[in-house]
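Undergrad: Pasting a structure here, questions to come.
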Amino acid sequence: MDEWQTKDIFEAAWVYSQNIPLLRLDPDTRYFWFVFQNQHLCEQLSQDYWQQNANGNIKQFVNSLKTLKDLVFSKNEG
């Protein structure tokens, strides 16, 4: 499968802000895994993020973070 996942919402928001499709949220006890399409590209974006080399639109990042939080909280209510 060509999937990549993370539990870190900030890392996930960075990846999502780069127009990588979010496939689903997978629950795991108290947290969710954010599962994205395109493992190779996501791994590169993750590396850039953790090495503090990520460049992008901060407004798009913030919007992505809000969207992911909304998804998590809507799943927790069910």
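The values are calculated or read from the model by the stated rules, or taken from the named source; none is laboratory data. Nothing here was measured: the structure is a model prediction, and the numbers come from that model. Every residue, glycine among them, receives a Cβ derived from its backbone with ideal geometry; neighbour counts consider all protein chains shown.
Undergrad: Tell me, yes or no, whether segment 31-49 has at least one residue that is without any contact (Cβ under 8 Å) to a residue 24 or more places away in the chain, on the phi < 0 side of the Ramachandran plot and assigned to a loop (DSSP other than H, G, I, E, B).
TA: No: zero hits.
Undergrad: Moving on to the next point. Among the residues of segment 51-63, are any under 17 Å from LYS7 (Cβ atoms) and either among the β-branched types (Val, Ile, Thr) or part of a helix (DSSP H, G or I) (or both)?
TA: Within segment 51-63, not a single residue is under 17 Å from LYS7 (Cβ atoms) and either among the β-branched types (Val, Ile, Thr) or part of a helix (DSSP H, G or I) (or both).
Undergrad: Assess whether ASP48 counts as being modelled with pLDDT under 95 and either over 17 Å from LEU71 (Cβ atoms) or exposed (fewer than 15 other Cβ atoms within 10 Å of the Cβ) (or both).
TA: Here the answer is no, as ASP48 does not meet what is asked.
Undergrad: Hey, can you tell me all the residues within segment 45-69 that are over 13 Å from the mean Cα position of the chain (by Cα) and more than 16 Å from ASP8 (Cβ to Cβ)?
TA: Result: ASN53, ASN55, GLY56, ASN57, ILE58, LYS59.
Undergrad: How many residues does segment 11-30 hold that are closer than 18 Å to LYS75 by Cβ and part of a helix (DSSP H, G or I)?
TA: 3
Undergrad: So in segment 1-30, with the set limited to residues that are closer than 19 Å to GLN52 by Cβ and free of Cβ contacts under 8 Å to residues at least 40 places away in the same chain, which one is farthest from the chain's Cα centre (by Cα)?
TA: GLN18
Undergrad: Which condition number does ASP70 fail, the rest of (1) closer than 12 Å to TRP4 by Cβ; (2) part of a helix (DSSP H, G or I) being met?
TA: Every condition holds for ASP70 apart from (1).
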